Amino acid sequence: GGGCTLAIATRCSTAWGKFRKVLPILTSKHVFFLTHGKVLNDCIRSTLLHSSETWVPSAPDLPWLCRNDISMICWICGVNPYDDVHMETLYAKFGIQEEAVALRSKRLRWLGHVTHASSWINSITDINIPCSRRRKRPRKSWSDSIRTDINT
């Protein structure tokens, strides 16, 4: 059916496996929070966002990624969902970005690679394919998500 839902589900389960492997380091009281954030960003988030440059997440998919990220961070800090702690403070404590911002920066970095690539790639992106549109709303394409990333 297309979309990136299956890829996101696979990436989330793989990231949770990596999280469980690194859990003794992440829950250690003898390590600084910035070190926790670096380990989280380099080991777990890189697994979670692997090949996400070409994803176009739908409306329910992006919160799924963010929920996984938030629950991992809360587990590391020992914060319950009922505690009155804002996620912005936890992100600042770990020195990492929000999941949506990290995904947006990866997509924009990939756009830079594509625009600086050879001429045949750029000629393919400019091709207009004549076809009839369906009656439903068209799926969000990668170029649509790039346009919104550039505007925000």
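Where does the chain land at 222 nm, in deg cm²/dmol rounded to the nearest 500, when only DSSP H runs of n ≥ 4 count, each adding -39500 (n - 2.57), divided by all residues? Present the calculation step by step, with values, prior to reporting the outcome.
Details: 7 runs with 88 residues, N = 152.
Helices in the chain give a 222 nm mean residue ellipticity of -18000 deg cm²/dmol.
Once you compute Rg and the Kirkwood Rh from C-alpha atoms, what is the Rg to Rh ratio for the stretch 1-84? List each step's numbers first, then the result.
Values: Rg = 13.7 Å, Rh = 13.6 Å.
The Rg/Rh ratio comes out at 1.01.
If I build a Gaussian network model for the chain, linking alpha-carbon pairs within less than 10 angstrom, which residue out of Asn68, Asn41, Asn128 has the largest mean-square fluctuation?
Of Asn68, Asn41, Asn128, the most mobile in the Gaussian network model is Asn128.
Taking R0 as 35 Å, what FRET efficiency do you get between Asn128 and Ser13 from their Cβ-Cβ distance, rounded to the nearest 0.05? Don't skip to the end; give the middle numbers.
Working: r = 39 Å, r/R0 = 1.11.
Calculated value: 0.35.
At 1.4 Å probe size, with the rest of the protein present, what percent of the exposed accessible area of the chain is carbon and sulfur atoms? Present the calculation step by step, with values, prior to reporting the outcome.
Numbers: 6110 of 10350 Å².
The computed percentage sits at 59.
Excluding same-chain pairs closer than 8 in sequence, count the lysine pairs in the chain whose Cα atoms lie under 22 Å apart.
11
For the stretch 41-80, what is the accessible area per residue in Å², given a 1.4 Å probe and the full set of protein chains? Provide the component values of the computation, followed by the final result.
Numbers: 1760 Å² over 40 residues.
Value for the stretch 41-80: 44 Å² per residue.
Could you work out the relative contact order of the chain? I mean the mean sequence separation of Cα pairs under 8 Å and 6+ apart, divided by the number of residues, in percent. Numbers along the way, then the final one.
On the way: 91 pairs, mean separation 43.2, N = 152.
Relative CO of the chain lands at 28 percent.
Could you compute how much accessible surface Tyr91 exposes when probed at 1.4 Å, giving the result in Å² to the nearest 10?
20 Å²
With a 1.4 Å probe and all protein chains kept in place, how do Phe33, Phe94 rank by accessible area, largest first? Numbers along the way, then the final one.
Values: Phe33 85, Phe94 5 Å².
If we order Phe33, Phe94 from most to least accessible, we get Phe33, Phe94.
How big is the Rg/Rh ratio for the chain, C-alpha atoms only, Rh by Kirkwood, two decimals? Walk me through the numbers on the way to the answer.
Values: Rg = 18.3 Å, Rh = 17.5 Å.
Computed over Cα atoms, the ratio is 1.05.
Residues of the stretch 2-44 with backbone nitrogen within less than 17 Å of a virtual label 7 Å along the Cα-to-Cβ line of Lys93, please, listed as ranges.
Inside the label zone: 25-41.
Scanning the chain for trypsin sites (Lys or Arg not before Pro) in DSSP loops with at most 11 other Cβ atoms within 10 Å, what's the longest stretch left with none?
On the way: sites that count: Lys29, Arg133, Arg134, Arg135, Lys136, Arg139.
Maximal segment without exposed cleavage sites: 30-132.
Take each uninterrupted DSSP H stretch in the chain, measure its Cα extent along the helix axis, and return the ones at 27 Å or beyond whose mean Kyte-Doolittle hydropathy is at least -1.0. Can you show the working numbers first?
Numbers: long enough: 5-26 (30 Å, 0.58).
The answer, listed by residue number, is 5-26.
The values are calculated or read from the model by the stated rules, or taken from the named source; none is laboratory data. Because the structure is predicted, anything quoted here is derived from the model rather than measured. Using ideal geometry, Cβ is built from the backbone for each residue, glycine included, and neighbour counts are taken over all protein chains shown. SASA here: full protein model, heavy atoms, side chains in, ligands and nucleic acids out. Shrake-Rupley method; radii C 1.70, N 1.55, O 1.52, S 1.80 Å.
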